[in-house]
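Undergrad: Take a look at the following structure, please.
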Amino acid sequence: MEIGIKGYAETMVDKSNVASSVGSGLLDVFSTPCMIALMEKTCKESVAPYLEEGQGTVGIRLEVDHLAATPIGEKVWVDSELIAVDKRVLTFSVTAWSRKEKIGEGIHKRCIIFNDRFMEKMKAKYE
């Protein structure tokens, strides 16, 4: 995996992803949890083509600022860039945008895992 891999994902702000609907606030504006989910999705999908068969990534750290509110009906998008690789830990720079301004930014870390082993280990803890 090489530094510099870029990602992009977008969504429309609608009633399903506003703070009043997801429980993170009272207003009909794009919610922080949904912005974070879009950031994670962008990073996950950007590196997926570079993984071996049976591998995936899981989010392990997120440090994000939500900078501006975005109303229903607007498009939001996230740009990501892989900025560091330390063995299995991938570090991304993430930025969220609306057509008016930058709405969020931060750092996201994901760990490369083998999906089957990850699930087996997790299930063993809960038996």
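The values are calculated or read from the model by the stated rules, or taken from the named source; none is laboratory data. These figures come from a predicted structure and were not determined experimentally. Cβ sites come from the backbone with ideal geometry, for glycine too, and all protein chains shown count toward neighbours.
Undergrad: Can you name every residue in region 42-58 that is crowded, with 16+ Cβ neighbours inside 10 Å, of a type outside the set (A, V, I, L, M, F, W, C) and closer than 13 Å to V94 by Cβ?
TA: Residues satisfying the conditions are T42, K44, S46.
Undergrad: Moving on. Among the residues of region 46-63, is there at least one that is among the hydrophobic types (A, V, I, L, M, F, W, C), more than 21 Å from I113 (Cβ to Cβ), at pLDDT 95 or above and not in a strand (DSSP E or B)? Steps first, please.
TA: Pass one, region 46-63, residues among the hydrophobic types (A, V, I, L, M, F, W, C): 47-48, 51, 58, 60, 62.
From what is left, the residues that are more than 21 Å from I113 (Cβ to Cβ) are none.
Within region 46-63, not a single residue is among the hydrophobic types (A, V, I, L, M, F, W, C), more than 21 Å from I113 (Cβ to Cβ), at pLDDT 95 or above and not in a strand (DSSP E or B).
Residue-wise test of (1) over 15 Å from E45 (Cα atoms); (2) part of a strand (DSSP E or B); (3) among the aromatic types (F, W, Y).
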| residue | (1), (2), (3) |
| --- | --- |
| G73 | yes, no, no |
| W77 | no, yes, yes |
| A84 | yes, yes, no |
| I107 | yes, yes, no |
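Undergrad: What number of residues within region 48-99 are of a type in the set (K, R) and over 29 Å from A19 (Cα atoms)? It would help to see each step written out before you state the result.
TA: Step one: of region 48-99, the residues of a type in the set (K, R) are 61, 75, 87-88, 99.
Add one more test, that the residue is over 29 Å from A19 (Cα atoms), and what stays is 87-88.
Qualifying residue count, region 48-99: 2.
Undergrad: Residue by residue through region 1-42, note down the ones that are out of contact with any Lys or Arg (no Cβ under 7 Å at 6 or more places or on another chain), touching a residue at least 60 places away in the same chain (Cβ under 8 Å), part of a strand (DSSP E or B) and hydrophobic (A, V, I, L, M, F, W, C).
TA: Within region 1-42, F30 is the sole residue that qualifies.
Undergrad: Among the residues of region 8-39, how many are aliphatic (A, V, I, L, M) and in contact with a His (Cβ under 7 Å, 6 or more places away or on another chain)? Outline the logic, then answer.
TA: So in region 8-39, the residues aliphatic (A, V, I, L, M) come out as 9, 12-13, 18-19, 22, 26-27, 29, 35-39.
Checking which are in contact with a His (Cβ under 7 Å, 6 or more places away or on another chain) leaves us with 35, 39.
Going through region 8-39 one residue at a time, the tally reaches 2.
Okay, residues lined up against (1) farther than 19 Å from A9 by Cα; (2) of a type in the set (D, E, K, R); (3) buried (at least 18 other Cβ atoms within 10 Å of the Cβ):
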residue: S21; (1), (2), (3): yes, no, no
residue: I36; (1), (2), (3): no, no, yes
residue: E40; (1), (2), (3): no, yes, yes
residue: I60; (1), (2), (3): yes, no, no
residue: R88; (1), (2), (3): yes, yes, no
residue: V94; (1), (2), (3): no, no, yes
residue: E120; (1), (2), (3): yes, yes, no
